[in-house]
Amino acid sequence: MLAIGLCDDNYDARLALRAALERLLETQGQRARLLEFSSGEGLLGWLDKHPGELNLIFLDMEMGDLNGMDTARRLCQRDETLPLVFVTGYPDHVFEGYQVGALAYLLKPPTPQQLEDVLTRAAAALLRSEDQVYLCRRGEITYRIPRKDILYFTSDRRQVTCVTKDADYTFYGKLDQVAQELGEAFVRIHQRYLVKVQAVDRVAGHQVFVGDAALPISRSCHAGAMIALTRAALEE
């Protein structure tokens, strides 16, 4: 299920956009989670606590202290693959909007056809970015985790936790399946640990050090892990 953020400091504009999207999604037979934000600061603060949970964001260009363009720049620093759409009452900033890779620049109020086109393009953009993000799902929430930020995965029974530089994501799954999906960029060092090769700082004895974490290398995984880590070190 898509999670779409609507960021506009004008309540009536948010309400109108939400209603238009809900009507469109209903006609398409799609379900989506729509979240409203009255400021760029509010959107960024929410994402601090819920990283990777939005799949598409509609941004008003003209907002308070943090306008749409500045908000977009900060969003791109976090995840450059996240589709952004500017919705504004003024055409003046259209070219500036595309400088941050905006998916579209719509004048208020956007037409149903424009919104339909945006949803189609957003779906295509999300598919194209799948080799740059890892997708995992917990309940109705789908997380989009930039692969460059992932350090390692750890499992506990049927729960897998993805550990990144800034946040942890826990979902139901199997580490074997995760390893299959991610390929040779990650190495199994233990029944419970799958580590990104390039994230390993050093190896000492039967441990690998990733950031502040010391992770065990099991006997059964030792030979394969050392080959993969040595190969990576030689390729740097």
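Express in whole angstrom the spacing between the alpha-carbon centres of region 53-79 and region 1-44.
14 Å
Using a Gaussian network for the chain with springs between C-alpha atoms less than 10 Å apart, which of these wobbles most: D212, D65, D176?
So, out of D212, D65, D176, the one fluctuating most is D212.
Under 10 Å, Cα contacts only: if you run a Gaussian network model on the chain, which one of R78, R158, R138 comes out with the highest mean-square fluctuation?
The residue with the greatest mean-square fluctuation here is R158.
Leaving ligands, DNA and RNA out of it, work out the accessible area of E26 with a 1.4 Å probe and give it in Å² to the nearest 10.
Accessible area of E26: about 140 Å².
Which of these, L127, L135, L44, has the largest mean-square fluctuation under a Gaussian network model of the chain (Cα springs below 10 Å)?
Of L127, L135, L44, the most mobile in the Gaussian network model is L127.
Put +1 on the Cβ of every Lys and Arg and -1 on every Asp and Glu Cβ in the chain; which of V87, C162, A225 then has its Cα farthest towards the positive end of the dipole?
Going by the Cα projections, it comes out as A225.
Setting aside same-chain residues fewer than 8 positions from K165, which lysines have a Cα under 28 Å from its Cα?
Correct list for K165: K49, K148, K174, K196.
L106's amide H: which non-local residues (gap 5+, or another chain) put their own amide H closer than 5 Å, with H modeled 1.01 Å from N in plane and none for Pro or chain starts?
F86, V87, T88
By how many nm would the segment from Q180 to H206 lengthen if fully extended, with 0.36 nm per residue of separation less the alpha-carbon distance? Each step should come with its number before you reach the end.
On the way: separation 26, 0.36 × 26 = 9.36 nm, distance 2.40 nm.
Extra length from Q180 to H206 when fully extended: 7.0 nm.
Could you check how much of the accessible area of the chain is carbon and sulfur, as a whole percent, using a 1.4 Å probe?
About 48 percent, which is the carbon plus sulfur part of the accessible surface.
Please state the charge dipole magnitude for the chain, taken about the Cα centre, from unit charges on C-beta atoms (+1 on K and R, -1 on D and E), reported in debye and rounded to the nearest 20.
Rounded to the nearest 20 debye, it is 1200 debye.
Across region 133-148, in residue order, what do the Karplus-derived ³J(HN,Hα) couplings come to in whole Hz, using 6.51 cos²θ - 1.76 cosθ + 1.60 with θ = phi - 60° and x for Gly and Pro?
With the stated coefficients, region 133-148 comes to 10, 10, 9, 9, 10, 10, x, 9, 9, 9, 8, 10, 10, x, 4, 5 Hz.
Whole number please: convex hull volume per residue, Cα atoms of the chain, in Å³.
So the per-residue Cα hull volume is 133 Å³.
For I217, which sequence-distant residues (separation of 5 or more, or a different chain) have an amide H within less than 5 Å of its own amide H, given hydrogens modelled in the peptide plane?
Q207, V208
The values are calculated or read from the model by the stated rules, or taken from the named source; none is laboratory data. Values in this document were obtained by computation on a predicted structure and should not be read as measured data. Positions of Cβ are generated from backbone atoms using ideal geometry, with glycine treated the same way; all protein chains shown enter the neighbour counts. These area figures cover heavy atoms from the full protein model, side chains too; ligands, DNA and RNA do not enter into them. Shrake-Rupley method; radii C 1.70, N 1.55, O 1.52, S 1.80 Å.
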